[in-house]
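Q: Okay, here's the structure, questions in a sec.
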């Protein structure tokens, strides 16, 4: 059985969401988002930097959320939740799947560092405001591509699990302005999915 090493409010939520969408059986090792759990010798043996998610599948152990998504789809769902290579949607699927970590998550990371991880006396208000502006700017193309569509490539796909999770978090951080109506509606659609709800409340 698949075993997911998970901490709440992290990228591990994407993998839990994926497993729920695919209705795959799994075991969950829920850890607290603190050094006691994540930096323990036991967890560092799974991930050298003490991070999540990590997925174990028999003798296989794999980290990095995007890599895990691709692994699960190929090994356990015969390529489900993604278009075929020949599909006209395949290039857009790849683009939005990777846009998440390339463009959206770097400013999200800075915001989390400046508002949660650093003690108040070490926080940099200028860096925080710059990251918020950059995040909103990086979401503008996502809002544009969602015009007239429920999901990024039309049908729900693993690109929505990667980027949709990041959009939900960006909205929670207050960086999706009301004028991005397509993106606001998209976040609401994602939040209404039962599998997403299970993942986000775990």
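Q: State all residues of the range 157-174 that are on the phi < 0 side of the Ramachandran plot and not in a helix (DSSP H, G or I); if no residue qualifies, say none.
A: Result: 157, 173.
Q: OK, next. Quick one: which helices (runs of 4 or more DSSP H) lie wholly within the range 1-82 and hold at least 2 residues that are surrounded by 22 or more Cβ atoms within 10 Å (Cβ to Cβ)?
A: Those helices (runs of 4 or more DSSP H) span 12-21, 65-76.
Q: Is one or more of the residues making up the range 148-169 out of contact with any helix residue (DSSP H, G or I) (no Cβ under 7 Å at 6 or more places or on another chain), farther than 30 Å from residue 22 by Cα and outside the structural domain of residue 66 (by TED's automatic domain parsing)?
A: no
Q: Within the range 27-38, identify whether any single residue is under 25 Å from residue 146 (Cβ atoms) and outside the structural domain of residue 152 (by TED's automatic domain parsing), and answer yes or no.
A: No.
Q: For residues that are surrounded by fewer than 12 Cβ atoms within 10 Å (Cβ to Cβ) and not in a helix (DSSP H, G or I), scanning just the range 99-156, find the one that is farthest from the chain's Cα centre (by Cα).
A: 119
Q: Do we have residue 91 as part of a helix (DSSP H, G or I) and either assigned by TED's automatic domain parsing to the domain that holds residue 35 or free of Cβ contacts under 8 Å to residues at least 12 places away in the same chain (or both) here?
A: yes
Q: Right, next: Quick check on my filter: what residues within the range 50-83 are more than 21 Å from residue 10 (Cα to Cα) and out of contact with any helix residue (DSSP H, G or I) (no Cβ under 7 Å at 6 or more places or on another chain)?
A: Residues satisfying the conditions are 58, 59, 60, 74, 75, 76, 77, 78.
Q: Go through the range 175-200 and give me each residue that's touching a residue at least 40 places away in the same chain (Cβ under 8 Å), within 19 Å of residue 135 (Cα to Cα) and not in a helix (DSSP H, G or I).
A: 175, 176, 177, 180
The values are calculated or read from the model by the stated rules, or taken from the named source; none is laboratory data. Here the structure is a predicted model, which means the values were calculated and not measured. Methodologically, a virtual Cβ is constructed for each residue, glycine included, from the backbone with ideal geometry; neighbour enumeration extends over all protein chains shown.
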